[in-house]
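The block underneath contains the structure these notes are about, expressed in structure tokens.
The values are calculated or read from the model by the stated rules, or taken from the named source; none is laboratory data. No experiment lies behind these values; they were computed from the predicted model shown. Heads up, the Cβs are rebuilt from the backbone with ideal geometry, glycines too, and the neighbour counts pull from every protein chain shown.
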Amino acid sequence: MKKPIIGIMMRSDELDDNRSVQYVYDGVRQAIIRSGGEPLLLCPPKDIDYFKTKWHDFSEISDSDSESINYWLNMCDALFLPGGIKYSKYDLFVLDLALKKDMPILGVCLGMQIMSNYKKDFKIEKINSNIVHCDLEKKYCHKVTIEKNSLLYKILDKTEIEVNSYHKMQAFENQLFDVVARAEDDVIEALEIREKRFVLGVQWHPEKMIEYDESARKIMNSFIDEARIYKDNNDKARLVKI
């Protein structure tokens, strides 16, 4: 049986010599493979520098951009929104299209913050807290409390877990998404759409924890399982058959 294809949004950054890059952390790729998926990198379509271009200078998604994005997203059985330091209108367009296709979506760190800014005015601010939210060395940074009436609880069967944490900014509520987990300082740690089968954003990085944390493995495995169901239901309607 063929593995489900997981589309991974690439992130923008700049090297020390000022060259811009599009990248994905290899840990993301490996976590997708270990969980039973086949990674497919999704590159932004415009001939621009996505890192150096400011938000208000981005042009709107054109018809040709839309066709290209739709073509590649039709190749996928799920969408993974990874962490990073910057996103663009392209990310929001892909998220919107994936939601319309009702495909499984998992966002981590910046990926969850993109969800929090979906169809609303941009709002992300620096965290002001005595709880550590950014430590690249610790396996666990803080606790997260999970609402029982949530997909996340259904996956984990726990109301409290410990997580890693690599972010200095915090997301805010979006009425289109349900806040289903918070840290001890009330920082939002998970968003989802309860009406969807699998649309989940978490502020931590389960893909970095699958070797030592059962909850992280459950999140990644559940995501891939939903991608497999989506694949089975949609194979006959593929844009391109291989």
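Within the stretch 34-63, which residues are hydroxyl-bearing (S, T, Y) and more than 30 Å from F223 (Cα to Cα)?
Scanning the stretch 34-63 gives T53, S59, S62.
So, in the stretch 164-203, exactly how many residues are within 16 Å of the chain's Cα centre (by Cα), over 25 Å from I229 (Cα atoms) and of a type in the set (V, I, T)?
The total comes to 2.
Limited to the stretch 165-195, what total is found for residues that are crowded, with 16+ Cβ neighbours inside 10 Å and either more than 14 Å from M112 (Cβ to Cβ) or of a type in the set (V, I, T) (or both)?
Total satisfying the criteria: 5.
Restricting the first residue to the stretch 171-188 and requiring it to be free of Cβ contacts under 8 Å to residues at least 40 places away in the same chain and at negative phi, which pairs with a second residue that is in a strand (DSSP E or B) and surrounded by fewer than 18 Cβ atoms within 10 Å (Cβ to Cβ) meet a Cβ separation below 8 Å and a spacing of at least six or different chains?
Here the result reads A181/T145; R182/T145, each pair linking the stretch 171-188 to a residue that is in a strand (DSSP E or B) and surrounded by fewer than 18 Cβ atoms within 10 Å (Cβ to Cβ).
Working only within the stretch 1-23, note down all residues that are among the hydrophobic types (A, V, I, L, M, F, W, C), under 17 Å from C76 (Cα atoms) and in contact with a strand residue (DSSP E or B) (Cβ under 6 Å, 6 or more places away or on another chain).
Matches in the stretch 1-23: I5, I6, I8, M9, M10.
Return only the number of the condition from (1) over 21 Å from D185 (Cα atoms); (2) modelled with pLDDT of 90 or more; (3) in contact with a Leu (Cβ under 8 Å, 6 or more places away or on another chain) that L110 does not satisfy.
The failed condition is (1).
Among the residues of the stretch 137-145, are any outside any loop (DSSP other than H, G, I, E, B), modelled with pLDDT of 95 or more and in contact with a helix residue (DSSP H, G or I) (Cβ under 8 Å, 6 or more places away or on another chain)?
No: the stretch 137-145 contains no residue that is outside any loop (DSSP other than H, G, I, E, B), modelled with pLDDT of 95 or more and in contact with a helix residue (DSSP H, G or I) (Cβ under 8 Å, 6 or more places away or on another chain).
What number of residues within the stretch 181-233 are touching a strand residue (DSSP E or B) at 6+ places or on another chain (Cβ under 8 Å), closer than 12 Å to I161 by Cβ and in a helix (DSSP H, G or I)?
3
Residues that are β-branched (V, I, T), more than 20 Å from the chain's Cα centre (by Cα) and assigned to a loop (DSSP other than H, G, I, E, B): does the stretch 34-51 have at least one?
Yes, that holds for at least one residue.
Mind listing whichever residues of the stretch 94-134 are surrounded by fewer than 22 Cβ atoms within 10 Å (Cβ to Cβ), in contact with a helix residue (DSSP H, G or I) (Cβ under 9 Å, 6 or more places away or on another chain) and not aromatic (F, W, Y)?
Those that are surrounded by fewer than 22 Cβ atoms within 10 Å (Cβ to Cβ), in contact with a helix residue (DSSP H, G or I) (Cβ under 9 Å, 6 or more places away or on another chain) and not aromatic (F, W, Y): L97, A98, K101, D102, N117, K119, K123, I124.
Please state which of the following conditions E137 fails to meet, knowing it meets all the rest: (1) in contact with a strand residue (DSSP E or B) (Cβ under 8 Å, 6 or more places away or on another chain); (2) surrounded by fewer than 21 Cβ atoms within 10 Å (Cβ to Cβ).
Every condition holds for E137 apart from (1).
Return yes when L79 is in a strand (DSSP E or B), surrounded by 14 or more Cβ atoms within 10 Å (Cβ to Cβ), aliphatic (A, V, I, L, M) and at pLDDT 95 or above and no when it is not.
So L79 fits the description; yes.
Which of the numbered conditions does E162 fail, given that it passes all the others? Conditions: (1) part of a loop (DSSP other than H, G, I, E, B); (2) among the charged types (D, E, K, R); (3) over 23 Å from A78 (Cα atoms).
(1)
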